[in-house]
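Enquirer: If you scroll down you'll find the structure; I have some questions about it.
The values are calculated or read from the model by the stated rules, or taken from the named source; none is laboratory data. The structure presented is a predicted model; accordingly, all values stated were derived computationally and were not measured. Reconstructed Cβ throughout: ideal geometry from the backbone, glycine too, with neighbour counts over all protein chains shown. Heavy atoms of the whole protein, side chains included, go into the accessibility calculation; ligands, DNA and RNA do not. Shrake-Rupley method; radii C 1.70, N 1.55, O 1.52, S 1.80 Å.
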Amino acid sequence: MTSIDTTSRPEPRAPGRPRPYVGRPVVMATQHGKAEVVRDLFAAVGLHVIPVAVDTDRFGTFTPEVPRPAGAQAAAEAKARAGAAAGGLPLALASEGSFTPDPDTGLVVQHELLAFLDTESGLTLTGRATGHAPWARSWTVDPDATAALDRVLAQVDLTRTRLVARPDPAAATAPDAAGGAGITKGLGSPESLRDAVRHAARWSSRVVVETDLRADRAPERHPVIRRAAVDLIHRLHTPCPACGRLGFGPDEHTGHAPCSGCGTPTARPTHVVRRCPHCSHEVLDAAAPATAGPGDCPACNP
Ligand SMILES: [Zn+2]
Ligand SMILES: [Zn+2]
């Protein structure tokens, strides 16, 4: 993964920056507590986040019963539009998370985006952040093997994490195993997990047990959601040098910074590409620092 977040804290009073939305309410369509995760960041730049109850699960779920056919960006924008309509206000936020395996390491990568919609001007902006999510786990268990479930329980802290049990579509014994039947979410005790695994086993001969990824059940998601909010807040205050519209910001990292110890190229980028989401104007800036530490070096720290 080469996308490294370099955003810092919001700078609400930096001189010369536009502050177009100071004092405005902005609705956030959510049913999983995400407004509380980002409220203070927006308050620092004068935006008042107001949660509105929208059935956001109809735009897609982490578990397979509601797929996101149009992708995370479209789902977030659709949620924001639904929030603006439900709240009766022109400004809306909505967030969307997704989890993918890192092709290089096999580790799970968490992607968060936060969409901002101004229905009066038509402006749509998106803040993004990514991070490794070693806490997002998945196991396939034999429902009759209690030892397998005990091994899962030994690896999770149910005081922090909630689990989901669902039929494994690859081992289906009933026709609707992939369609949302037999799923139990929010499992927080060994007893409820065992019951849920037995329940899911009515649809498949193996059962998937995985981390409940909904934001109110997965506090580990919050730091990356907050970094996406900081990225969005920067864009809301940064006009494009070419067209003047808001939203200019870091879009891509390129290059391989050399190790400060031995000079070997590392996964750390040398440059950041800032782009305008409206006119595609881009600026290439050197990333700081110019070298990577030996800890990031494949030769010094294999
Ligand atoms: Zn532009
Ligand atoms: Zn090195």
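Enquirer: Which of rounded, prolate or oblate describes the range 63-187 when judged by the alpha-carbon gyration tensor and an a/c cut-off of 1.5?
Expert: Cα axes put the range 63-187 in the prolate bin.
Enquirer: Between Thr254 and Ala174, how high is the FRET efficiency from 1/(1 + (r/R0)^6) when r is the Cβ-Cβ distance and R₀ = 45 Å? Nearest 0.05. Please report the intermediate quantities before stating the final value.
Expert: Values: r = 49 Å, r/R0 = 1.09.
Working from the Cβ atoms, E equals 0.35.
Enquirer: At 7 Å along Cα-to-Cβ for each site, give me the label-to-label distance between Gln73 and His271 in nm.
Expert: 2.2
Enquirer: Working with all protein chains in place, sort Asp216, Asp104 by solvent-accessible area computed with a 1.4 Å probe, largest first. Write out the running numbers ahead of the final one.
Expert: Details: Asp216 70, Asp104 125 Å².
My answer, sorted largest first, is Asp104, Asp216.
Enquirer: Further, regarding this structure: If I stretch the segment between Thr264 and Cys300 completely, what's the gain in nm (0.36 nm per residue apart, minus their alpha carbon distance), one decimal? Let's see the in-between values first.
Expert: Working: separation 36, 0.36 × 36 = 12.96 nm, distance 0.87 nm.
Gain on extension, Thr264 to Cys300, equals 12.1 nm.
Enquirer: Also, I was wondering about something else. Where does each of 121-132, 90-101 land if you order them by average Cβ count within 10 Å, highest first?
Expert: Those peptides, ordered most packed to least, come out 90-101, 121-132.
Enquirer: Once you place label points 7 Å from the Cα toward the Cβ at Glu191 and Ala290, how far apart are they in nm?
Expert: Calculated label separation equals 6.4 nm.
Enquirer: Given the Cα-Cα distance of Ala145 and Ala44 and 0.36 nm per residue of separation, how much length would full extension add, in nm? Don't skip to the end; give the middle numbers.
Expert: Details: separation 101, 0.36 × 101 = 36.36 nm, distance 5.19 nm.
Taking Ala145 through Ala44 to full extension adds about 31.2 nm, to one decimal.
Enquirer: Rounded, prolate or oblate: pick one for the range 138-211, where a ≥ b ≥ c are the square roots of the eigenvalues of its C-alpha gyration tensor, a/c under 1.5 means rounded, and failing that, prolate if a/b is larger than b/c, else oblate.
Expert: It is prolate, given that a/c is not under 1.5 and a/b is the larger ratio.
Enquirer: Here's something else I'd like to know. What does the highest-first list of 271-277, 159-165 look like by mean Cβ count within 10 Å?
Expert: Sorting 271-277, 159-165 by mean packing, highest first, produces 159-165, 271-277.
Enquirer: Right, something else. Label-point separation (nm) for Leu153 and Ser138, each offset 7 Å from Cα along Cα-to-Cβ?
Expert: My value for the distance between the label points is 2.4 nm.
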